[in-house]
Amino acid sequence: MKTFLGFGKVLVLATLFSLTGCGTYNRLVILEQAVNKKWADVQSVYQRRADLIPNLVSTVAGAANFEKSTLTEVTNARASVGQVKLDPSKAPTDAAELEKFQQAQGQLSTALSRLLVVSENYPQLKATEAFQNLQAQLEGTENRISVERNNFNTAVQEYNTALERFPTNMLNKMFGFKPRPFFNAAPGAEKAPEVKFDFNKPSTSPGTTPAATP
C-alpha cells in the first residue's frame, strides 16, 4: 500500500513537472520570437539608412568644393557596416558579434553627423529640394533607429528575465534557450559631441549637430 502511494506521488510530481515544462517552453518560444521580431525591426531601419546614403552622397558631391574627405568617410563607413554579417531574422546570442555590429553602425552615424554639419557651410546645397528631402528622411530614420533599439532591449529584458526565473532556469538549458545581449550606449554617449573642422570656415553652433545613433 505504501509503495502504491509512493508511486502515486511520484506520478503526480512527474505530471506537474511535465505540464510546467510544456508551459515554460511555450512561453519561452513566444518571448524568443518577440526578440527576433524586434531584431528584424532594428535591421530594417538600419537598412533604410544604408539605402538613403548613396543618394545623399551623390547629391552632396554635386556641391562645388565640398569637402571630399567627408564623403569618403561616409562611403567607407557604409562599406564597413556591410562587412558585419548578422542574421536579420534571428537576434544574436553572442555579445561580441552585436558589439561589432554596433561599432560599425556607430562609425557610420558619426560620419553622417559630420556630413550634415559640414553641409551647413554650403547654403546653396541646403537650399536644394533633393538635399532637404534626404536630410529629413535621414533624420527621421535616425529617430526610428533609437526607438527600435529601445524596443529590442525591452524584449530582450523580458526574455532574459524569464530565463532566470524559477523553474524556467532549471529547464531553459534543456530546451536550448540562450540569453540575448543588449544594445549598449556607446562610451561617452552621455556627453555632447565636440565637432571640429579641418578647413577655414566658420563653424556652426553645437546645437545644430544632429544626434548620432550608433
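Observations on the structure shown:
- Checking each residue in segment 42-53 for being closer than 16 Å to Asp87 by Cβ and either more than 10 Å from the chain's Cα centre (by Cα) or buried (at least 16 other Cβ atoms within 10 Å of the Cβ) (or both) picks out Val42, Gln43, Tyr46, Gln47.
- Yes/no for Ala104 being modelled with pLDDT of 95 or more, surrounded by 12 or more Cβ atoms within 10 Å (Cβ to Cβ) and not polar (S, T, N, Q): yes
- Here Thr204 fulfils each of the conditions (1) surrounded by 15 or more Cβ atoms within 10 Å (Cβ to Cβ); (2) of a type outside the set (Phe, Trp, Tyr); (3) at pLDDT 55 or above apart from (3).
- The combined condition, being over 23 Å from the mean Cα position of the chain (by Cα), at pLDDT 85 or above and either assigned to a loop (DSSP other than H, G, I, E, B) or not acidic (Asp, Glu) (or both), is fulfilled by Ser58.
- Inter-residue pairs, beta-carbon under 6 Å, first closer than 14 Å to Phe131 by Cβ and in contact (Cβ under 8 Å) with a residue 12 or more places away in the chain and in segment 38-59, second surrounded by fewer than 18 Cβ atoms within 10 Å (Cβ to Cβ) and among the polar types (S, T, N, Q), 6+ apart: Leu52/Gln137
- Residue match in segment 34-52 (condition: farther than 28 Å from Tyr159 by Cβ and modelled with pLDDT of 95 or more): yes
- Residue within segment 86-97 that is over 16 Å from Pro181 (Cα atoms), in contact (Cβ under 8 Å) with a residue 24 or more places away in the chain and either in contact with a helix residue (DSSP H, G or I) (Cβ under 8 Å, 6 or more places away or on another chain) or not in a helix (DSSP H, G or I) (or both) present: no
- Number of positions in segment 61-70 that are surrounded by fewer than 15 Cβ atoms within 10 Å (Cβ to Cβ) and part of a helix (DSSP H, G or I): 3
- Pairs with Cβ under 7 Å, 6+ apart, first in segment 115-136 and in contact (Cβ under 8 Å) with a residue 12 or more places away in the chain, second among the acidic types (Asp, Glu): Val118/Glu67
- Only one of the numbered conditions (1) surrounded by fewer than 17 Cβ atoms within 10 Å (Cβ to Cβ); (2) at pLDDT 95 or above is violated by Glu120, and that is (2).
- The set of residues from segment 117-145 being aliphatic (A, V, I, L, M) and closer than 15 Å to Asn65 by Cβ comprises Val118, Leu125.
The values are calculated or read from the model by the stated rules, or taken from the named source; none is laboratory data. The structure displayed is predicted, hence computed values, not measured ones. Every residue, glycine among them, receives a Cβ derived from its backbone with ideal geometry; neighbour counts consider all protein chains shown.
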